[in-house]
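Heads up, the thing below is written out as structure tokens.
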Amino acid sequence: MLFKNSQNRYGFSVIALHWLMLVLIAAVYASMELRGFAPKGSALRANLKSLHFLLGLSVLALVAVRLCVRWVAGAAPAIEPPMARWPALMARLMHAALYALMIAAPLLGWLALSTAAKPVTLFGFALPMLTGANEALAHPLKDLHEALATAGYALIGLHAAAALLHHYVIHDNTLVRMLPGRGSR
């Protein structure tokens, strides 16, 4: 089905948004990592920073869509065989942490730019500043944004490792429920 989850698979929209978010987040990270290879003051460096802002705010917009689709899709498909209590709790905490990352990192970036009095645009439209200029706050917010992004590497890596562990070691259907194709429509 397009929006509804079945008993054993996520709906097409949930799956599509999951993998689209992965690509988008990878592009967010790549745009900042590649920036380091461009000379300071160069057009390439400025374009990579602008791309990072655009992609980061796109993550924020898409997470809102994703949460709505999750709500419409209904209950998550059952994991077979079922997980024990503590791994199930860890999975819920991991997903909550990933959603917190997808919301907090872009908001902190936007807030850091606002306090630094730097304009923020999304697809050519100027976004409102979240606060007035405050140089004393701009640097700590940028540092917090970067620390959260660094923690994101670990969260994303653990999420991927857990999916592979479930598939290749535990042999349950955790990963298969989210794979594209295979009857997800």
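Quick check on my filter: what residues within the stretch 96-108 are open to solvent by less than 50 Å² (accessible area, probe 1.4 Å) and under 19 Å from K142 (Cβ atoms)? So that I can check it myself, show each step before the final result.
Taking the stretch 96-108 and keeping what is open to solvent by less than 50 Å² (accessible area, probe 1.4 Å), we get 97-99, 101-102, 104-106, 108.
Within the stretch 96-108, L101, M102, A104, A105, P106, L108 qualify.
From L155, L93, grab the single residue that is modelled with pLDDT of 95 or more and either open to solvent by less than 80 Å² (accessible area, probe 1.4 Å) or on the phi > 0 side of the Ramachandran plot (or both).
After ruling out the rest, the residue left standing is L155.
Just give me the residues in the stretch 109-129 being among the aliphatic types (A, V, I, L, M), open to solvent by less than 30 Å² (accessible area, probe 1.4 Å) and part of a helix (DSSP H, G or I), in sequence order. First the steps, then the outcome.
Going through the stretch 109-129, the residues among the aliphatic types (A, V, I, L, M) turn out to be 111-113, 116-117, 120, 122, 126-127, 129.
Okay, now just the ones that are also open to solvent by less than 30 Å² (accessible area, probe 1.4 Å), so 112-113, 116, 120.
Matches in the stretch 109-129: A112, L113.
Can you find a residue that is open to solvent by 60 Å² or more (accessible area, probe 1.4 Å), assigned to a helix (DSSP H, G or I), within 17 Å of H145 (Cβ to Cβ) and in contact with a strand residue (DSSP E or B) (Cβ under 8 Å, 6 or more places away or on another chain) anywhere in the stretch 29-44? Full working, then the answer.
Of the stretch 29-44, the ones open to solvent by 60 Å² or more (accessible area, probe 1.4 Å) are 33-35, 37, 39-41, 43-44.
Adding the requirement that they be assigned to a helix (DSSP H, G or I) leaves 33-35, 43-44.
Still in the list and also within 17 Å of H145 (Cβ to Cβ): 33, 35.
Keeping just the survivors that are in contact with a strand residue (DSSP E or B) (Cβ under 8 Å, 6 or more places away or on another chain) gives none.
No, the stretch 29-44 has no match at all.
What residue, of L60, L17, is open to solvent by less than 60 Å² (accessible area, probe 1.4 Å), closer than 16 Å to P106 by Cα and either in contact (Cβ under 8 Å) with a residue 24 or more places away in the chain or outside any helix (DSSP H, G or I) (or both)? Full working, then the answer.
Numbers: L17 fails: closer than 16 Å to P106 by Cα.
Just one listed residue meets the conditions, L60.
Among the listed residues T150, T121, identify the single one that is under 18 Å from the mean Cα position of the chain (by Cα) and more than 11 Å from G56 (Cβ to Cβ). Steps first, please.
On the way: T121 fails: under 18 Å from the mean Cα position of the chain (by Cα).
After applying the criteria, what remains is T150.
The values are calculated or read from the model by the stated rules, or taken from the named source; none is laboratory data. Quick caveat: nothing in here was measured; it's all calculated off a predicted structure. Using ideal geometry, Cβ is built from the backbone for each residue, glycine included, and neighbour counts are taken over all protein chains shown. Note: areas computed on protein heavy atoms with side chains; ligands, DNA, RNA excluded. Shrake-Rupley method; radii C 1.70, N 1.55, O 1.52, S 1.80 Å.
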